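The values are calculated or read from the model by the stated rules, or taken from the named source; none is laboratory data. Here the structure is a predicted model, which is why all the values come from computation and not from measurement. FYI the Cβ positions are ideal-geometry reconstructions off the backbone, even for glycines, and counts take in every protein chain you see.
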């Protein structure tokens, strides 16, 4: 892609689609795009842009600026000045945007009746689920509702760091630039003291690593969301918008059905995937759920593994070293910190077990790990739990199986306060070093992940 310096005119019912190439190691010029909005009337992911606004599109990104049709707003077209390295074009294919306006209209009717909708967005990777998620949240906020955003995408989610399931209330339209930032940072919600996110730690990027734990965490998260709505009727009336992972094949589809059931959603939006739409209609036949297919926007660009990896690294870097962060490297004695991992982490070899005894790994409990065998440069969650889980005996396992998701008071299912980096383990000195975004005592145990981050 070459440099551009061009003024685009966007007519009502059209959108400007912009794309930027990956960052170049040997770049000698400004990368990304800078946008100047010359007229009012345009929006990005449901948020109105005032005249005079300036936006940036970083490398390896895309952005769509929509001017709603005359029937949805007054006024004429919008001019946008674009400079930098990238490309763009104006398109009249806005069926997906029009369908979202219709979905929002139906949700608004339910909110007016005090019946907060729960809309869950599903589909494979790279179909625009996150864009739809943010757009519906901003539409709800523009209508005066404080809606609950729930993100269940542990690989590319927007609430918390990778490996997290989370929920946060959103009362104002999301800033246009928040497409590249953490949703919690973008939505500073008054009325609850803080943004008050609900964060639960899965500690991996792929659902296939521990589907049982994932579904238990989904149940725990929605139990917390239900409790919050019971305490704040206005939240219940506003409802929730739910984003999901992009794995919809085989086991992924079975997990998705479990997620839909546990979310108690009333509307399922299927983005751009005809087969998944028909399979879900069959699977959910006989229920009260409404399954709606939303066309995929032609402006959605696929992202390869490198781009996804870079996005995750950027999220972690921003958390520890972004604006208003003063991360501190702190040295702890082993006796002062308890580190856990779901399943117990590194184990002694099977040959070390008594003859005839088999190891029974509990994949849904956070068990204390031997720091002498601990890996370095890994992301850890700071749990509100103060002690690790204990291993279950056979009777407890049978009871859990009979109870479905089982107990919800284990350390693995306790909400987390935030994150630290475990960067160094010194067996000789019996010490470890952590990078903390906020200096001070840790409120609970650390739950280690398999997500690495090389702190530079």
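A few comments on the model shown:
- Matching residues, the stretch 59-101, being within 25 Å of the chain's Cα centre (by Cα) and either in a strand (DSSP E or B) or at pLDDT 95 or above (or both): 62, 63, 64, 65, 66
- Screening residue 337 against (1) outside the structural domain of residue 438 (by TED's automatic domain parsing); (2) touching a helix residue (DSSP H, G or I) at 6+ places or on another chain (Cβ under 9 Å) leaves a single unmet condition, (1).
- Taking the conditions (1) modelled with pLDDT of 90 or more; (2) buried (at least 21 other Cβ atoms within 10 Å of the Cβ) in turn, residue 11 satisfies each one other than (2).
- Selected residue (only one of 384, 321 is at pLDDT 85 or above and loosely packed, with under 15 Cβ neighbours inside 10 Å): 384
- Count of the stretch 244-285 residues which are under 24 Å from residue 98 (Cβ atoms), assigned to a helix (DSSP H, G or I) and either within 21 Å of the chain's Cα centre (by Cα) or touching a residue at least 40 places away in the same chain (Cβ under 8 Å) (or both): 2
- Enumerated strands (runs of 3 or more DSSP E) restricted to the stretch 408-456, each holding at least 2 residues that are modelled with pLDDT of 90 or more, closer than 23 Å to residue 167 by Cβ and not assigned by TED's automatic domain parsing to the domain that holds residue 204: 416-426, 446-452
- Residue count, the stretch 286-302 (criterion: part of a loop (DSSP other than H, G, I, E, B), touching a strand residue (DSSP E or B) at 6+ places or on another chain (Cβ under 7 Å) and modelled with pLDDT of 85 or more): 2
- Annotation: of all residues in the stretch 107-121 being assigned to a helix (DSSP H, G or I) and free of Cβ contacts under 8 Å to residues at least 12 places away in the same chain, the one that is farthest from residue 11 (Cα to Cα) is 112.
- Checking 165, 174, 181 one by one, the residue that is modelled with pLDDT of 95 or more and surrounded by 16 or more Cβ atoms within 10 Å (Cβ to Cβ) is 165 and no other.
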